[in-house]
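Let me begin by presenting the structure, written as structure tokens, before commenting on it.
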Amino acid sequence: MSTPARRRLMRDFKRLQEDPPTGVSGAPTDNNIMIWNAVIFGPHDTPFEDGTFKLTIEFTEEYPNKPPTVRFVSKVFHPNVYADGGICLDILQNRWSPTYDVSAILTSIQSLLSDPNPNSPANSTAAQLYKENRREYEKRVKACVEQSFID
Amino acid sequence: MEPFTHNDGNRDELIIQQKRDIEKEISDTTPLISEQLPLTCLYAEYSGDEIFTAKIQDLSKKYKFIRRTRPDGNCFFRAFAYSYLEYLISNNSAYQEFKKLAEESKEKLVQLGFPSFTLEDFHETFMEVIQRVSPDNAGGHSTVQDELHKIFNEQGYSDYVVVYLRLITSGKLQEEADFYQNFIEGDLTIEAFRHLEVEPMYKESDHIHIIALCTALGAGVRVEYLDRGEGGTVKAHDFPEGSEPRIYLIYRPGHYDILYPN
């Protein structure tokens, strides 16, 4: 059945294929357009460089009026990523705009990797290390980059 | 954003789930836009309340009917769109003018920096709705009126209309940021206000939203305020000030419905 959400997700997918942003990719799962798998490559010149981080994106019929639920499947050590992979990012919560599409979501998460917001921490250890011990922070991030090759 | 001092993502999910349950209850029991009801139906909601009873009495001298909207945070935008289109389907020249303005609005928003790919989706639906309620359509006024009512109770169409009006409102705030900055309390920038209070669905509207939207579309709105204020009469306010109202709304704290003058 075609609903506004499904129609819009087909458009999002088409755009992502025709005009893919650097360093991210995503596609609906085989049998359900409401659940997507995505990959974000760690941005260059950050400790996340070379990492391949997998995510799932779950949409409801209210998309794009409401944001999807986005979660890292790969382990990510980051001030704004919860232990269960949930992401604390304003555009996925109170700053969501229906004008965002999958491409915009993935590129925003990609830039969150480069620029954490330690003032709204989802992982307090990561936030503290990011602020106080950048070397140790980078070490822990690099460990999850290594881990992302295996996952 | 609220700083979180815990490590538990589940709290957010619990709150979201609870919000969804409440929203579902409202959407199961209240249509997006109701049929026309006699204004006197308001008495039942305030029985025994002298202030409100006196004010409803006052209001009923000027208005015969009310049309209720679902209280989902989008009520102002939905009521505005419905009421304005209702006016336009009986005024062909104003309809044609509005259609032209709506057609051109997309390009304007793109120039203001809105992403054209997603904007197109909302704009297409918005134009489709306008076309479907054209006064020139076969069947005449009552058929078009029925079509309008049907479209606005179809969540997909109805919400896309609301989204598009939110984007027009946001665009107006951006275009005249210096002016609208004066209406914002605290130290929020216009930019932040647009992203927190205007573009997200289900966010309630304030005077600033109303003024920006009316100005952008050149449509006058009269709002009747039914509240606990003294005086025994309902106070009205026209947006933009001094304009000829085409849309009549009733505001009760937190909610807008549509009014029909005698």
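The values are calculated or read from the model by the stated rules, or taken from the named source; none is laboratory data. Not measured: the values here are computed from a predicted model. Glycine gets a Cβ as well: all are built from the backbone with ideal geometry, and neighbour counts include every protein chain shown. For accessibility, only protein heavy atoms count, side chains too; no ligands or nucleic acids. Shrake-Rupley method; radii C 1.70, N 1.55, O 1.52, S 1.80 Å.
Here are a few things to note about the model shown:
- Excluding same-chain neighbours fewer than eight residues apart, the lysines reachable from residue B:64 by a Cα-Cα span under 22 Å are B:55, B:235.
- About the Cα centre, charge dipole magnitude for segment B:143-262 (Lys/Arg +1, Asp/Glu -1 at Cβ), debye: 280 debye
- Ordering A:144, A:28, A:129 by the projection of their Cα atoms onto the charge dipole of segment A:2-146, which places +1 on the Cβ of Lys and Arg and -1 on the Cβ of Asp and Glu, puts A:28 at the extreme positive end.
- C-alpha center-to-center spacing [segment B:24-42, segment B:232-262] in angstrom: 18 Å
- Area hidden from solvent between B and A (accessible, protein heavy atoms only, 1.4 Å, total, Å²): 2700 Å²
- Net charge dipole size for the protein assembly as shown [Lys, Arg +1 and Asp, Glu -1 on Cβ; Debye, nearest 20]: 340 debye
- Taking N as the residue count of the protein assembly as shown, its C-alpha radius of gyration divided by 2.2 N^0.38 Å amounts to 1.11.
- Heavy-atom accessible surface of the protein assembly as shown: percent carbon and sulfur, 1.4 Å: 50 percent
- Computed over chain B, Cα set: Rg, Dmax in Å: 19.3, 61
- Charged side chains reduced to their Cβ positions (Lys and Arg at +1, Asp and Glu at -1) give chain A a dipole of some 200 debye around its Cα centre.
- If you count Lys pairs in chain A whose Cα atoms are under 19 Å apart, skipping same-chain pairs closer than 8 places in sequence, the total is 6.
- Two-decimal log10 I(q)/I(0) for segment A:58-151, as the Debye equation yields it once each C-alpha is a single scatterer, q = 0.17 Å⁻¹: -0.76
- Pairwise centroid distance, computed over Cα atoms, of segment A:78-151 with segment B:84-128, Å: 38 Å
- Tilt relative to chain A, helix A:134-150 - C-alpha long axis, 0 to 90 degrees, to 10: 50 degrees
- Tail fraction, Cα-Cα pairs, segment B:205-257, threshold 13 Å, whole percent: 58 percent
- Charge-dipole axis of the protein assembly as shown as Lys and Arg at +1 and Asp and Glu at -1 on Cβ define it, positive-most pick from B:138, A:109, B:91: B:138
- Relative contact order of chain B, taken over Cα pairs closer than 8 Å and 6 or more residues apart, is 25 percent.
- Among the listed pairs B:108/B:203; B:172/B:203; B:19/B:203; B:24/B:172, those whose Cα-Cα separation exceeds 22 Å are B:108/B:203; B:24/B:172.
- Stokes-Einstein diffusion of segment B:76-185 at 37 °C, 0.692 mPa s viscosity, Kirkwood radius from Cα pairs, rounded to a whole number: 222 µm²/s.
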